[in-house]
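Enquirer: Supplied in structure tokens, the structure appears directly below.
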Amino acid sequence: MRTFFPSESCKETHLKSINPQSWLQVERGKLAKFSSESASSIDSLIKVPEPPILPFFKPVDYVQVLAKIHEELESCSPQERSNLYLLQFQVFKGLGEVKLMRRSLRSAWSKASTVYEKLVFGAWLKYEKQDEELISDLLSSCGKCAKEFGAIDIASEMPVYKKLSPHGVITTNEDSCPRTVSFRIADEKIACDRQKIASLSAPFHTMLNGCFTESFCEEIDLSENNISPLAMRIINEFSSTGLLNEVSPDLLLEILVFANKFCCESLKDACDRKLASLISCRQDALELLECALEENSPVLAASCLQVFLRELPDSLKDSQVVELLSNTTRQQRSIMIGPASFSLYCLLSEVSMNLDPRSDVSVRFLRTLVDSAETSQQKMVAYHRLGCVKFLRKDLDEAEQLFGAAFNLGHTYSVIGLARLGQIRGHKRWAYEKLCSVISSSIPLGWMYQESSLYCEGEKKWDDLEKATELDPTLTYPYMYRAASLMRKQNAQAALSEINRILGFKLALECLELRFCFYLALEDYQLAICDIQAILTLCPDYRVFEGRVAALQLRTLLREHVENWTEADCWLQLYDRWSSVDDIGSLSVIYQMLESDAAKGVLYFRQSLLLLRLNCPDAAMRSLQLARQHSSSEHERLVYEGWILYDTGHCEEGLQKAEESISIKRSFEAFFLKAYALADSSLDASCSSTVISLLEDALRCPSDRLRKGQALNNLGSVYVDCGKLDAAADCYINALKIRHTRAHQGLARVHFLRNDKVAAYDEMTKLIEKAKNNASAYEKRSEYCDRDRTKADLEMVTRLDPLRVYPYRYRAAVLMDNHKDKEAIEELSRAIAFKADLHLLHLRAAFHEHIGDVMGALRDCRAALSVDPKHQEMLELHSRVNSQEP
């Protein structure tokens, strides 16, 4: 999000005083020596921008909001479901929970009660999955259709107009009226059946069978009604057959206007549907939407809209599309999208903000979003989002009104916007007091203290930043500010230690960039290039120094000041870093290797494995697709396709690709994929022998030590599950011989199962000593020692990676065993505040039930079921607690 809402200085594209080359005109390998001169250059290098104002819905107590949504979903009407799931989506978006966001969107789509909601949420899911076209193609190659969000046949989803008998129409004796009537248009006469034309609408019925002169005329002049003779003949035919056959779009439009004028609802409905069926491209939709809105033609209007939505985000780069969609009245929106106006403009504003949050387009869609908002939560979302955009555009007065409106409705997070505006206007003290007031009157959260730190200095600033990290260790700004301050004080070791704290569990680009700047200032170019290459792996177009310099340009300059490695050197470096569980270092080496003539498919595949370990699934998928693109053979390509399918939840199709690859050539990767997918997909214990056989086949095929170590480790795990501890130990020992460091964990498990906890503890200690990223090793070791050492290890886990939930659960359980109910719940609550985790919520719900707090237990149950609606134990606890509700 740093690049989504950047600081104002990011708009500058020239380098200003920054000259990367000047920093690199030093002798290679020169050691850093701080001086008063270097300190000033450090200040120019190291700038920590203020944290962005995120344009998200961020309730103070998200658990309570999720619980309320779940409660309403249990009893609401079908028409309300999609809006509730959209609100749930907004909550998860504010929490940064991408998978849960998509699941909420899918629920909104699957529970849609109208074609309009189906249209919006289907398009939204398609937009979210816009980079997954390859997956659909791969599924098709396996004989599986993946077009679940395909175009909707809108006409079939909307009710056909049913003709009603006219009531209250004054008629004469129909037998006395001439049977035939001719309509004269200019010089032509069109003979029609009087009663069939009369049946088209009440006005025609009155005119032809009522008390008017026309009722007794055999000829009626329609020349002044903007209808052509050909169109009138088609209308005559329709009055007899009820069908519009081969009719040109221009004639259909002419007939539609005429039908609307004379209230011929069945004719209008037929024109509406016929025109909708003729839309084949964006240009068709552009030409027809305006008419559809003017003539109140819902099928045509929705069909035009569908074309624009299915082409997102490209369609919003078309000024005509933007003009049509952003200049609508409420009545026109009702025709085009029925009751789903808020959902539509949520989608359109999000897409436009992703393209350019400062654009006029974003403002126009957000204004319509505000106009479409009905509930207080919808208004909070709309006001805050528009406030963020107005703040970026420096429309300060309007931004203040919008942030104020959102804040007054209960969106506490919008106080950030008010405080920033106060600071800009010179009211820094007021901004600080505003934040203090919020902190004292609500649940204190990390972002509140982070924000208050911007408006104070000295020790108080540091205290607020420490409190922010204590309450929410995932916030990057406090670490960056502390690290930069230490660096300016020429305490490089402490600065690096501080920034490494967060990089140990959260691979944030802005933190990597700051560490890169530290290494640059220290003239440690080898480590600097390591970080810049890791940055480029994650984001090839990344720009450093507030967006003013391309990271790729910096890397090119740095290359002149580091030793060039041969391909053999690179492989040795990769082995060293892989063995020491230095994932960022390994990423950097692979990036460098990709410039050589080495087989790129294999390297991109290794890159994807590292990115998955670093919890960067999008970047990992991009690397996997590059591996497929650069595969050197068909059997290699099939393996990468199998992994792509497996990693996106299509296990059976992944297996199919592995088998196809093996049928062409027996290879390590094909057997490994098949074993991995089979072990994951089958709950049948008998499949273990098959997995063992597949891994043994893999080990007999040529591969490098990195992958063979992984196969030996996996084989050991299968042997352990089968109770074959000696065979498992052999596998782990052989893996360790080729420096697969993680095998220490498997061997420790073997020792533990042999009732040798001391040996298990010692084995995990070896892993801790070797691994650069070792939070998981401390967590595992905690299982093999006494309570005091377990407590110490788990405290270390929380310091190294506060996102790991087991330590909180363990400490809470110990407190509960010691009858410290309040402290146990507090221990869980401090983690729940920044991580929406099912297991934490489940345990806290159980604790609330245990102490008789039924409402607290019910709240946590409902919030947990928002995270995983199908979790069986949670469903059982919810049912039990729900029966106790007073």
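The values are calculated or read from the model by the stated rules, or taken from the named source; none is laboratory data. Just so we're clear, the structure is a prediction, and the values are computed from it rather than from any experiment. Methodologically, a virtual Cβ is constructed for each residue, glycine included, from the backbone with ideal geometry; neighbour enumeration extends over all protein chains shown. Ligands, DNA and RNA are excluded from the accessible area calculation, which covers all protein heavy atoms including side chains. Shrake-Rupley method; radii C 1.70, N 1.55, O 1.52, S 1.80 Å.
Enquirer: Have a look at GLU653, GLU660 and point out the one that is buried (at least 16 other Cβ atoms within 10 Å of the Cβ), acidic (Asp, Glu) and in contact (Cβ under 8 Å) with a residue 60 or more places away in the chain. Reasoning before the result, please.
Expert: Numbers: GLU660 fails: in contact (Cβ under 8 Å) with a residue 60 or more places away in the chain.
Checking each option against the conditions leaves just GLU653.
Enquirer: Shifting gears a bit: How many residues does the range 500-524 contain that are among the aliphatic types (A, V, I, L, M), under 26 Å from the mean Cα position of the chain (by Cα) and not in a loop (DSSP other than H, G, I, E, B)? Give the steps one after another, and end with the answer.
Expert: We begin by selecting, within the range 500-524, every residue among the aliphatic types (A, V, I, L, M); these are 502-503, 507-509, 512, 514, 520-522.
Retained after the next criterion (residues that are under 26 Å from the mean Cα position of the chain (by Cα)): 502-503, 507-509, 512, 514.
From the residues that got through so far, the ones that are not in a loop (DSSP other than H, G, I, E, B) too are 502-503, 509, 512, 514.
Qualifying residue count for the region: 5.
Enquirer: Right, here's the next one. Take the range 242-293 and flag every residue that is charged (D, E, K, R) and farther than 16 Å from PHE204 by Cα. Walk me through how you get there before you give the answer.
Expert: First, the residues of the range 242-293 that are charged (D, E, K, R): 246, 250, 254, 261, 265, 268-269, 272-274, 282, 284, 287, 290.
Correct list: GLU246, ASP250, GLU254, ASP269, ASP272, ARG273, LYS274, ARG282, ASP284, GLU287, GLU290.
Enquirer: If I go through the range 590-611 residue by residue, how many of them are crowded, with 17+ Cβ neighbours inside 10 Å and touching an Asp or Glu at 6+ places or on another chain (Cβ under 9 Å)?
Expert: Selection size over the range 590-611: 7.
Enquirer: On the basis of being open to solvent by 40 Å² or more (accessible area, probe 1.4 Å) and free of Cβ contacts under 8 Å to residues at least 40 places away in the same chain, does ASP137 make the cut?
Expert: On the way: open to solvent by 40 Å² or more (accessible area, probe 1.4 Å): yes; free of Cβ contacts under 8 Å to residues at least 40 places away in the same chain: yes.
Considered against the rule, which asks whether it is open to solvent by 40 Å² or more (accessible area, probe 1.4 Å) and free of Cβ contacts under 8 Å to residues at least 40 places away in the same chain, ASP137 comes out as yes.
Enquirer: Which residue out of TRP571, TRP565, TRP578 is under 26 Å from GLN526 (Cβ atoms) and either in a loop (DSSP other than H, G, I, E, B) or acidic (Asp, Glu) (or both)?
Expert: On the way: TRP571 fails: either in a loop (DSSP other than H, G, I, E, B) or acidic (Asp, Glu) (or both); TRP578 fails: either in a loop (DSSP other than H, G, I, E, B) or acidic (Asp, Glu) (or both).
Result of the check over TRP571, TRP565, TRP578: TRP565.
Enquirer: If you take just the helices (runs of 4 or more DSSP H) that sit entirely in the range 327-413, which of them hold at least 2 residues that are out of contact with any helix residue (DSSP H, G or I) (no Cβ under 8 Å at 6 or more places or on another chain) and within 19 Å of LEU86 (Cβ to Cβ)?
Expert: 341-355
Enquirer: Please determine whether any residue of the range 95-105 is out of contact with any Lys or Arg (no Cβ under 9 Å at 6 or more places or on another chain), free of Cβ contacts under 8 Å to residues at least 60 places away in the same chain, more than 24 Å from THR648 (Cα to Cα) and part of a helix (DSSP H, G or I).
Expert: no
Enquirer: Name the pairs whose Cβ atoms lie under 7 Å apart, with the first residue in the range 484-512 and closer than 19 Å to LEU614 by Cα, the second aromatic (Phe, Trp, Tyr) and part of a loop (DSSP other than H, G, I, E, B), and 6 or more positions between them or separate chains?
Expert: Between residues of the range 484-512 that are closer than 19 Å to LEU614 by Cα and residues that are aromatic (Phe, Trp, Tyr) and part of a loop (DSSP other than H, G, I, E, B), the close pairs are LEU509/TYR542.
Enquirer: Hey, among GLU769, GLU763, which residue is under 30 Å from GLY585 (Cβ atoms), free of Cβ contacts under 8 Å to residues at least 24 places away in the same chain and open to solvent by less than 20 Å² (accessible area, probe 1.4 Å)?
Expert: Of the residues listed, the single one that is under 30 Å from GLY585 (Cβ atoms), free of Cβ contacts under 8 Å to residues at least 24 places away in the same chain and open to solvent by less than 20 Å² (accessible area, probe 1.4 Å) is GLU763.
Enquirer: Then there's this: Scan the range 204-225 and give yes if some residue there is closer than 30 Å to ALA302 by Cα and not in a helix (DSSP H, G or I), otherwise no. Quick ask: steps written out before the conclusion?
Expert: Of the residues in the range 204-225, the ones closer than 30 Å to ALA302 by Cα are 204, 225.
Among the residues that remain, those that are also not in a helix (DSSP H, G or I) are: none.
Among the residues of the range 204-225, not one is closer than 30 Å to ALA302 by Cα and not in a helix (DSSP H, G or I), which makes the answer no.
Enquirer: Same structure again: Sort out which residues of the range 317-341 are β-branched (Val, Ile, Thr) and in contact (Cβ under 8 Å) with a residue 24 or more places away in the chain, and write them in order of number. Working first, answer last.
Expert: Pass one, the range 317-341, residues β-branched (Val, Ile, Thr): 321-322, 328-329, 335, 337.
Hits for the range 317-341 are VAL321, VAL322, THR328, ILE335, ILE337.
Enquirer: What number of residues in the range 101-131 are surrounded by 19 or more Cβ atoms within 10 Å (Cβ to Cβ) and either among the hydrophobic types (A, V, I, L, M, F, W, C) or on the phi > 0 side of the Ramachandran plot (or both)?
Expert: Residues that pass the stated criteria total 11.
Enquirer: Going through ARG749, ARG742, ARG707 one at a time, which residue ends up being of a type in the set (Lys, Arg), in contact with a Lys or Arg (Cβ under 9 Å, 6 or more places away or on another chain) and closer than 19 Å to TYR575 by Cβ?
Expert: Numbers: ARG749 fails: closer than 19 Å to TYR575 by Cβ; ARG742 fails: in contact with a Lys or Arg (Cβ under 9 Å, 6 or more places away or on another chain).
Step by step, each of ARG749, ARG742, ARG707 is checked, and only ARG707 is of a type in the set (Lys, Arg), in contact with a Lys or Arg (Cβ under 9 Å, 6 or more places away or on another chain) and closer than 19 Å to TYR575 by Cβ.
Enquirer: Whether any residue in the range 46-54 is modelled with pLDDT under 95, surrounded by 15 or more Cβ atoms within 10 Å (Cβ to Cβ) and assigned to a helix (DSSP H, G or I) is what I want to check.
Expert: No, because not a single residue in the range 46-54 is modelled with pLDDT under 95, surrounded by 15 or more Cβ atoms within 10 Å (Cβ to Cβ) and assigned to a helix (DSSP H, G or I).
Enquirer: I'd like the residue in the range 662-701 that is aliphatic (A, V, I, L, M), over 19 Å from TRP643 (Cβ atoms) and touching a Cys at 6+ places or on another chain (Cβ under 9 Å) and, out of all such residues, is modelled with the highest pLDDT.
Expert: ILE692
Enquirer: From the list SER303, SER280, SER266, which one is modelled with pLDDT of 95 or more and open to solvent by 10 Å² or more (accessible area, probe 1.4 Å)? Please lay out each step first, then the result.
Expert: On the way: SER280 fails: modelled with pLDDT of 95 or more; SER266 fails: modelled with pLDDT of 95 or more.
When all the criteria are applied, what remains is SER303.
Enquirer: Right, something else. Could you grab the pairs with beta carbons closer than 7 Å, sequence gap of 6+ or different chains, first residue in the range 570-584 and closer than 17 Å to ASP597 by Cα and surrounded by 18 or more Cβ atoms within 10 Å (Cβ to Cβ), second one at pLDDT 90 or above and polar (S, T, N, Q)?
Expert: These pairs meet every condition: CYS570/GLN592; LEU574/SER586.
Enquirer: Before we move on, is TYR449 aromatic (Phe, Trp, Tyr), in a helix (DSSP H, G or I) and either open to solvent by 50 Å² or more (accessible area, probe 1.4 Å) or touching a Ser or Thr at 6+ places or on another chain (Cβ under 8 Å) (or both)?
Expert: Details: aromatic (Phe, Trp, Tyr): yes; in a helix (DSSP H, G or I): yes; either open to solvent by 50 Å² or more (accessible area, probe 1.4 Å) or touching a Ser or Thr at 6+ places or on another chain (Cβ under 8 Å) (or both): no.
No: the conditions fail for TYR449.
Enquirer: Return the only residue of SER376, SER372, SER362, SER414 being at pLDDT 95 or above, within 24 Å of TYR432 (Cβ to Cβ) and open to solvent by less than 60 Å² (accessible area, probe 1.4 Å). Spell out the reasoning first.
Expert: On the way: SER376 fails: within 24 Å of TYR432 (Cβ to Cβ); SER372 fails: within 24 Å of TYR432 (Cβ to Cβ); SER362 fails: within 24 Å of TYR432 (Cβ to Cβ).
Answer to the check: SER414.
Matching residues to (1) within 28 Å of the chain's Cα centre (by Cα); (2) closer than 24 Å to SER776 by Cβ; (3) hydrophobic (A, V, I, L, M, F, W, C):
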position	(1), (2), (3)
TYR806	yes, yes, no
TYR810	no, yes, no
LEU841	yes, yes, yes
ALA846	no, no, yes
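Enquirer: Just need a number here: residues in the range 312-341 that are open to solvent by less than 20 Å² (accessible area, probe 1.4 Å) and over 23 Å from ALA151 (Cβ atoms).
Expert: Counting residues in the range 312-341 that are open to solvent by less than 20 Å² (accessible area, probe 1.4 Å) and over 23 Å from ALA151 (Cβ atoms) gives 1.
Enquirer: Right, something else. Taking the condition of being closer than 15 Å to LEU767 by Cβ, free of Cβ contacts under 8 Å to residues at least 40 places away in the same chain and not polar (S, T, N, Q), how many residues in the range 695-744 meet it?
Expert: The total comes to 8.
Enquirer: (1) closer than 16 Å to CYS142 by Cα; (2) surrounded by fewer than 24 Cβ atoms within 10 Å (Cβ to Cβ); (3) not hydrophobic (A, V, I, L, M, F, W, C): which one isn't true of SER667, the others all being true?
Expert: Unmet condition: (1).
Enquirer: Could you tell me which of the residues LEU538, LEU520 is over 17 Å from LEU610 (Cβ atoms) and touching a residue at least 40 places away in the same chain (Cβ under 8 Å)?
Expert: Numbers: LEU538 fails: over 17 Å from LEU610 (Cβ atoms).
Going through LEU538, LEU520 in turn, the sole match is LEU520.
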